[in-house]
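The values are calculated or read from the model by the stated rules, or taken from the named source; none is laboratory data. All values reported here derive from a predicted model rather than from experimental measurement. Cβ: placed from backbone, ideal geometry, glycine included. Neighbour counts: every protein chain shown. Side chains are part of the model used for accessible areas, which takes the heavy atoms of the whole protein and leaves out ligands, DNA and RNA. Shrake-Rupley method; radii C 1.70, N 1.55, O 1.52, S 1.80 Å.
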Amino acid sequence: MPPSRRRILTESLPAFGATPLYSSNNAHGAAHENHQCATDDAATSAEASPVGISIGGWKIITQNSTIGDERGMERLTSTLEDIADPSYRVWDDHTKSSLNSNADSATRNRRRLCPPEITFLDSTISIRHTAANSTTTEIRFTARESLMEWAEAHRYLDRSFDTNNGGAAGRLARKEYRGVSILKTADAEKWSQRSSQFYYDWTYATPYAGSVYVSTSEDTQTAPKQRSIACINNRNVWGRPLSYSRIPFHLLQDTTQPILLYDEISLFEDDLHDNGDVSLNVKVRVMPQCWYVLQRLFIRVDHVCVKCREVRMFCFFGDHGSSGETLLGGDVEENTVYRDVVWREASWDDLLMMGLPVDPAKWREDRENAGMIASLIGRLPIAELPDDLPRYSSVRVL
């Protein structure tokens, strides 16, 4: 399990109308205040246990986990390969077995996919709101769903590097779809020897921007929750494209407002077969008036490219016991989730032309190097987003 910086101000929650969701949160907070007295086993247990608070009609829950075991990774691999198969229309656990009943999965021409070497299968951030009419909106970040969206793009990718691939399938295949493509390593000889294994995006450049589920009490009682890619991609939920960012960063930088809950979870990591690094992590913080999430996908393919894809979400839910006046613009609505998405990337040659480091060690993301990496990322040029992923958007919570 990766080291965590999670923090919950258990004793301060009542003053802001907030309550802890788990009894273990009290012990967890105390362990962090006097962590030197805690045993390693107790610290590990505290990091693995869920943490959550309820405030302003929202329930924010975080869960760290260990690396997925062999059985869990095998199930994940099977799911991803099913999703990448164009003949599959839905991959819900309740219906998948009934689809393609006449097709033998062992004999179908399936694309081979391999999930990241380090995948934290049970790591989750869940942010849930239930309205007076029993409509529940949940925003969730998980490794499984981020990789499902990555796998879905392979339905449209060419299965080889043969540009002369003929026939209808060859004409319809793409080299890139929603930011997912198959890169070659800088070592051409090494690539030619291993390329048969890499007819998939081995950099895990998922376009994932979080999952949103909206349901009513009737939905949960009468039918299983459908988890189609259409929902996970949020293509039918984020229906309010905006012309500019509505996130009030000045409110997030207000040091007079305490951070009631903070956590950082890792969803997956991989060293890209010793050709670089990829990591997907999510940070969440809850303040007396709002919550804020930052998801960052960072990819470094040595001597090939650097990519960074960031998703920010913000929601203002009102003044709950905080002191001072809330300085919000008139275009920020209460209980509306605002999302900003920005992709940045540059080839290795571009780095040199922009005066950025070309030593791979300078682009290694770790906590000791976090400040410098953030500064370098901000200097990377902005990349184009998929048509169905607006840079600025919002969803109103009923």
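Accessible area per residue was computed with a 1.4 Å probe on protein heavy atoms; Met148 scores about 10 Å².
Cross-link pairs exceeding 21 Å between alpha carbons, from the set Lys175/Lys283; Lys184/Lys307; Lys307/Lys362; Lys59/Lys307: Lys175/Lys283; Lys59/Lys307. The modelled label-to-label distance for the pair Thr19/Leu252, using points 7 Å beyond Cα in the direction of Cβ, is 3.0 nm.
Over all other residues within a Cβ to Cβ distance under 10 Å of Ile60, the charged ones net out to +2, with Lys and Arg as +1 and Asp and Glu as -1. Charge tally for Ile299 (other residues, Cβ to Cβ under 14 Å; Lys, Arg +1; Asp, Glu -1): -3. Summing +1 for each Lys or Arg and -1 for each Asp or Glu among the other residues whose beta-carbon sits under 9 angstrom from that of Ile127 gives +2.
Measuring with a 1.4 angstrom probe and ignoring ligands and nucleic acids, Ile61 comes out at about 30 Å² accessible. Among the GluC sites (Glu not before Pro) in region 109-162, those located in a DSSP loop and surrounded by at most 15 other Cβ atoms within 10 Å of their own Cβ are Glu117. Counting 0.36 nm for each residue step from Ser49 to Thr336 and taking away their Cα separation leaves a gain of 100.4 nm. Computed extension gain for Asn133 through Leu356, at 0.36 nm per residue and net of the alpha carbon distance, reaches 75.0 nm.
Taking 7 Å steps out from each Cα toward its Cβ at Glu11 and Lys184 produces label points 6.2 nm apart.
Show me 247-260, 336-349 ranked by packing, highest mean number of other Cβ atoms within 10 Å first. Let's see the in-between values first.
Values: 247-260: 14.4, 336-349: 19.0.
So the order, starting with the most tightly packed, is 336-349, 247-260.
Distance between the 7 Å Cα→Cβ label points at Glu310 and Thr66: 3.4 nm. Taking every protein chain into account, the 1.4 Å probe leaves Lys184 with about 110 Å² of accessible area, to the nearest ten.
Note on Asp387 and Ser243: with the Förster distance fixed at 25 Å, the Cβ-Cβ geometry gives a FRET efficiency of about 0.90.
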